[in-house]
1. Quickly run through the range A:114-171 and pick out the residues that are among the aromatic types (Phe, Trp, Tyr) and either open to solvent by 30 Å² or more (accessible area, probe 1.4 Å) or outside any strand (DSSP E or B) (or both).
2. Just checking, does the range B:85-103 include any residue being more than 12 Å from every other protein chain (Cβ to nearest Cβ), open to solvent by 10 Å² or more (accessible area, probe 1.4 Å) and farther than 30 Å from A:ASP119 by Cα?
3. Give just the number: which of (1) at the interface with chain B (Cβ under 7 Å from one of its Cβ atoms); (2) closer than 30 Å to B:ILE117 by Cβ; (3) buried (at least 16 other Cβ atoms within 10 Å of the Cβ); (4) without any contact (Cβ under 8 Å) to a residue 40 or more places away in the chain does A:LYS176 not satisfy?
4. Quick check on my filter: what residues within the range B:150-177 are among the polar types (S, T, N, Q) and in contact (Cβ under 8 Å) with a residue 24 or more places away in the chain?
5. Take B:ALA113 and decide whether it is open to solvent by 10 Å² or more (accessible area, probe 1.4 Å) and touching a Lys or Arg at 6+ places or on another chain (Cβ under 6 Å).
6. Being open to solvent by 70 Å² or more (accessible area, probe 1.4 Å) and modelled with pLDDT of 95 or more is the filter here; which residues of the range A:203-212 pass it?
7. In the list A:ILE164, A:ILE132, which residue meets the criterion of being β-branched (Val, Ile, Thr), touching a Leu at 6+ places or on another chain (Cβ under 7 Å) and within 7 Å of chain B (Cβ to nearest Cβ)?
8. Going through the range A:213-231 one residue at a time, which ones are aliphatic (A, V, I, L, M) and open to solvent by 70 Å² or more (accessible area, probe 1.4 Å)?
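The values are calculated or read from the model by the stated rules, or taken from the named source; none is laboratory data. Remember, it's a predicted structure, so these values are computed and weren't measured experimentally. All Cβ positions, glycine included, derive from the backbone under ideal geometry; neighbour counts span all protein chains shown. Just the protein is used for accessible areas: all its heavy atoms, side chains included, with ligands, DNA and RNA removed. Shrake-Rupley method; radii C 1.70, N 1.55, O 1.52, S 1.80 Å.
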Amino acid sequence: MKILVCISHVPDTTSKINFTNGDAEFDTNGVQFVINANDEYALTRAIWFKEKQGATVTVVNVGGADTEPTLRKALAIGADEAIRVNAVPTDGLFVAKQLAEVVKNGGYDLVLAGKESLDYNGGMVPGMLAAILGYDFINSCEGIEVDGTAVKAIRQIDGGKETISGKLPVVIGGQKGLVDEKDLRIPNMRGIMAARTKALTVLEPVGADVATKAVKFEKPAAKSACKMIAPDNLDELINLLHNEAKVI
Amino acid sequence: MSVLIYAESAEGKFKKVALELASYAKKVADSLGTTVTAVTVNASDVSELGKYGVDKVLKVSSDKLNTFNAKAYADVIKQAAQKEGAKLVVLSSSTDSLYAAPAVAIGLNAGFASNVIALPESTAPFVVKRTGFSNKAFNFTEISSDVKVIALGKNSFGLVEASGAATAEDFAPSLNDADFSLKVEGVEKVSGKVTIADADVVVSGGRGMKGPENWGMLEDLAEVLGAALACSKPVSDVGWRSHEEHVGQTGKPVAANLYIAVGISGAIQHIAGVNSSKVKVVINTDPEAPFFKVADYGIVGDAFQVLPQLVEKLKEFKAKNA
């Protein structure tokens with residue numbers, strides 16, 4: 001089985017989010033970048049398939065050269081090879097078109113991606129990628145098994161979960177649950193050394209229209225101070241929730 | 001530029017998000033000088049949509065669509081948009097709609113923006129305000145394609161009634177066999193309980209609850225408020241509560257009208273996941289808990305003393321205001 005894992009290079013969750021150039025651009029100064037959390041679950045599951053069932057795992061990212069440490073980390077965790085499409089990922093549709101090209105040329109059976117990246121939170125790339133390729137797509141996926149070409153997956157739905165079956169090739173939009181959090185890998189020294197010799201291929205992007213553009217950013221207005229209520233004055237809390245906030 | 005919404009229903013009844021979409025689309029359509037069409041799947045009485053501004057309903061009825069299927073539903077929505085010549089398609093941010101939306105966008109050659117939280121900043125160019133960076137910032141996105149697809153965040157616009165009635169028309173889109181290659185083998189739904197996705201009020205517990213045996217107090221509070229129960233990540237990690245209830249950046253997002261956090265200190269990832277909630281109440285013994293910085297109302301106190309009293313007082317309040 002040939003598995004492709006799509007990796008987003010995103011700010012660490014504890015990063016301070018600031019903007020520059022008149023609030024038109026994300027300020028990367030001092031920001032630590034990591035593998036997107038949802039993608040990390042997908043990558044770990046892919047490596048599980050490699051180790052338990054036999055598979056090759058390729059990771060791909062659409063990004064500038066500054067994203068290569070993130071791809072190297074994925075290699076150190078256990079991916080076999082990496083591809084970087086050399087373009088700034090301005091738009092989900094653009095990214096999906098680049099990834100579709102990689103899938104078509106690589107003949108992957110299983111494409112795993114996080115259901116959304118934790119920077120722009122667009123949540124569109126895996127679904128668009130599947131639609132461009134005409135592949136089946138399973139989103140919000142928290143469990144996947146592959147037996148030959150048969151796929152069984154568990155998908156989160158509002159208020160529960162659903163079990164779905166299908167056939168490879170398939171695109172998965174994955175999330176927490178694909179693997180246990182305790183099974184997420186931290187690169188060890190051997191992995192880091194091995195990653196240095198693994199192939200990291202740089203591809204030039206294909207032409208693709210951009211349909212959306214972030215034109216401006218804004219931080220939430222400063223919040224007014226929290227109204228503190230004495231624990232023995234719960235009538236006051238109920239009064240505020242009813243008359244001031246109007247939520248009960 | 002006509003506006004099309006996909007009005008989600010369950011067992012024939014429209015979900016609240018469908019009525020919120022209608023309210024939102026009506027306002028956008030008014031500003032564009034056009035009308036709102038809704039497409040529905042296996043919904044029987046569609047008159048309710050008219051009360052929230054829908055002018056016309058395309059009713060799709062098909063046993064093949066009894067179970068949600070993203071590919072087929074995307075195909076239905078695409079064909080409805082094409083039939084109406086819709087330039088703007090508005091979907092909700094439910095798990096199902098977000099599953100179908102990217103395929104709708106590809107099918108219509110449209111740009112897509114999710115997590116939209118306000119009316120368009122401008123319609124020419126078309127710019128919408130959406131949340132990003134896990135609710136730590138807003139992102140104004142311009143959609144430049146001819147047809148545009150957006151997904152509206154839950155509780156971001158509210159319900160606005162309109163005068164008018166919707167005309168209904170049967171609509172039979174062509175369904176492609178290839179859309180049904182994935183088979184739903186089974187569905188496990190939590191029954192009889194309010195789910196986090198549907199809830200307007202969410203009651204959430206953290207490590208401060210000291211153990212799963214103490215969750216009865218939170219269940220009582222949730223019951224009196226008609227709320228869904230949730231928990232912080234450490235609580236689900238240690239197995240006190242199911243992962244289904246974990247809310248936060250890598251758990252379920254919460255955009256409730258009221259979010260009550262008990263014994264949760266407020267890690268940045270937790271706050272990111274619940275920050276879209278309108279009103280946040282925090283109950284914690286530690287006055288320095290970071291959650292107080294983003295809360296609207298706070299109580300520094302012992303949950304084990306505060307919760308039983310709060311439940312009793314809310315019961316009294318409900319009895320008086322019934």
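1. Let us first name the residues in the range A:114-171 that are among the aromatic types (Phe, Trp, Tyr), namely A:120, A:135, A:137.
Those that are among the aromatic types (Phe, Trp, Tyr) and either open to solvent by 30 Å² or more (accessible area, probe 1.4 Å) or outside any strand (DSSP E or B) (or both): A:TYR120, A:TYR135.
2. First, the residues of the range B:85-103 that are more than 12 Å from every other protein chain (Cβ to nearest Cβ): B:85-90.
Filter again for open to solvent by 10 Å² or more (accessible area, probe 1.4 Å), leaving B:85, B:87.
Okay, now just the ones that are also farther than 30 Å from A:ASP119 by Cα, so B:85.
Within the range B:85-103, one or more residues are more than 12 Å from every other protein chain (Cβ to nearest Cβ), open to solvent by 10 Å² or more (accessible area, probe 1.4 Å) and farther than 30 Å from A:ASP119 by Cα.
3. Of the numbered conditions (1) at the interface with chain B (Cβ under 7 Å from one of its Cβ atoms); (2) closer than 30 Å to B:ILE117 by Cβ; (3) buried (at least 16 other Cβ atoms within 10 Å of the Cβ); (4) without any contact (Cβ under 8 Å) to a residue 40 or more places away in the chain, the odd one out for A:LYS176 is (4).
4. Residues of the range B:150-177 that are among the polar types (S, T, N, Q), as a first pass: B:155-156, B:163, B:167, B:174, B:176.
The answer is B:ASN155, B:SER156, B:THR167, B:SER174, B:ASN176.
5. Working: open to solvent by 10 Å² or more (accessible area, probe 1.4 Å): no; touching a Lys or Arg at 6+ places or on another chain (Cβ under 6 Å): yes.
Considered against the rule, which asks whether it is open to solvent by 10 Å² or more (accessible area, probe 1.4 Å) and touching a Lys or Arg at 6+ places or on another chain (Cβ under 6 Å), B:ALA113 comes out as no.
6. We begin by selecting, within the range A:203-212, every residue open to solvent by 70 Å² or more (accessible area, probe 1.4 Å); these are A:204, A:207, A:209.
A:GLU204 - this is the single residue of the range A:203-212 that is open to solvent by 70 Å² or more (accessible area, probe 1.4 Å) and modelled with pLDDT of 95 or more.
7. Working: A:ILE132 fails: touching a Leu at 6+ places or on another chain (Cβ under 7 Å).
That would be A:ILE164, the only listed residue that is β-branched (Val, Ile, Thr), touching a Leu at 6+ places or on another chain (Cβ under 7 Å) and within 7 Å of chain B (Cβ to nearest Cβ).
8. Narrowing the range A:213-231 to residues aliphatic (A, V, I, L, M): A:214-215, A:221-222, A:225, A:228-230.
Of everything in the range A:213-231, those that are aliphatic (A, V, I, L, M) and open to solvent by 70 Å² or more (accessible area, probe 1.4 Å) turn out to be A:ALA221, A:ALA222, A:ALA225, A:MET228.
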